[in-house]
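Let me begin by presenting the structure, written as structure tokens, before commenting on it.
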Amino acid sequence: MSGDRPSSGSRRSRVVVGIGARRGVSGAAVRAALAVVRDVTGAGADVVYASVEAKAGEQGILDAIAPARLEVRPAAALAGVAVPGSVRVGEAVGTPSVAEAAALLVASELGAPRLVVPKTIVGDVTVAAARVEHTSLTSGD
């Protein structure tokens, strides 16, 4: 998990992209799904990638986002995010929503989240994106 927080001087947009995928997914499949999100959120944003802990070692995801890091959160934390989910996904990874819940949870740790790409399924990959709305921050020393 990262301790990164937006700085008070940062003016770039920050987007958290949640990623869920079937076990053994290819990097090419993940990249194809991420292209859909990029088309909606635009270029130039600082992007953070997030998922459930069960996906921490999923090589296809890691290859697709390299050199970025994958922020992972426990299934129980994602299960607490109020978004639509799937019983099948819940049985497989312990939370009914991975992509949307991860995007919103991690974005909420960075600021005020606004879902800009709801759960979108592209083949074996599900993605969602939340933009971090910066709240007014007081500059410190």
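The values are calculated or read from the model by the stated rules, or taken from the named source; none is laboratory data. Predicted model only: the values in this text are computed from it and were never measured. Every residue, glycine as well, gets a Cβ built from its backbone with ideal geometry; the counts of neighbours run over all protein chains shown. The protein model used for the area step is the full one, side chains on, heavy atoms only, and it has no ligands, DNA or RNA in it. Shrake-Rupley method; radii C 1.70, N 1.55, O 1.52, S 1.80 Å.
Using the average count of surrounding beta-carbon atoms within 10 Å as a protection proxy, the listed peptides 99-112, 28-41 rank, highest first, as 99-112, 28-41. When peptides 64-76, 82-94, 117-129 are sorted by average Cβ neighbour count within 10 Å, with the highest value leading, the order is 117-129, 64-76, 82-94. Its relative contact order, with pairs defined as Cα atoms under 8 Å and 6+ residues apart, puts the chain at 32 percent. Counting only heavy atoms of the protein chains, get the accessible area per residue of the chain (1.4 Å probe) and round it to a whole Å² value. Normalised by residue count, the accessible surface of the chain is 52 Å². Rounded to the nearest 10 degrees, the inclination of helix 27-41 to the longest alpha-carbon principal axis of the chain is 40 degrees.
Counting only residues 5 or more places away or on other chains, whose amide H sits under 5 Å from the amide H of Thr126 once H atoms are built in the peptide plane? Distant-sequence amide H within range of Thr126: Gly20, Ala21.
If R0 is 25 Å, the Cβ-Cβ spacing of Glu133 and Arg69 corresponds to a FRET efficiency of close to 0.65. Shown is the FRET efficiency for Ala79 and Ala28, computed with R0 = 30 Å from the Cβ-Cβ distance and rounded to the nearest 0.05: 0.50. Per-residue extension of 0.36 nm, minus the Cα-Cα distance of Gln59 and Glu91, leaves a gain of 9.3 nm for this segment. In the chain, the DSSP beta bridges split such that about 65 percent are antiparallel, to the nearest 5. By accessible area, using a 1.4 Å probe on protein heavy atoms only, the chain has 51% of its surface on carbon and sulfur. The structure-derived value of P(r) over Cα pairs in 5 Å bins from 0, in percent appears in the list (1) 2, 11, 22, 25, 20, 12, 5, 3, 1, 0; (2) 2, 11, 21, 25, 24, 13, 4, 0; (3) 2, 8, 15, 17, 17, 16, 13, 8, 3, 1, 0 under the label (1). Annotation: amide H-H contacts under 5 Å for Ala50 (H modelled 1.01 Å from N, sequence separation of 5 or more, or interchain): Val17, Gly18, Ile19, Glu71.
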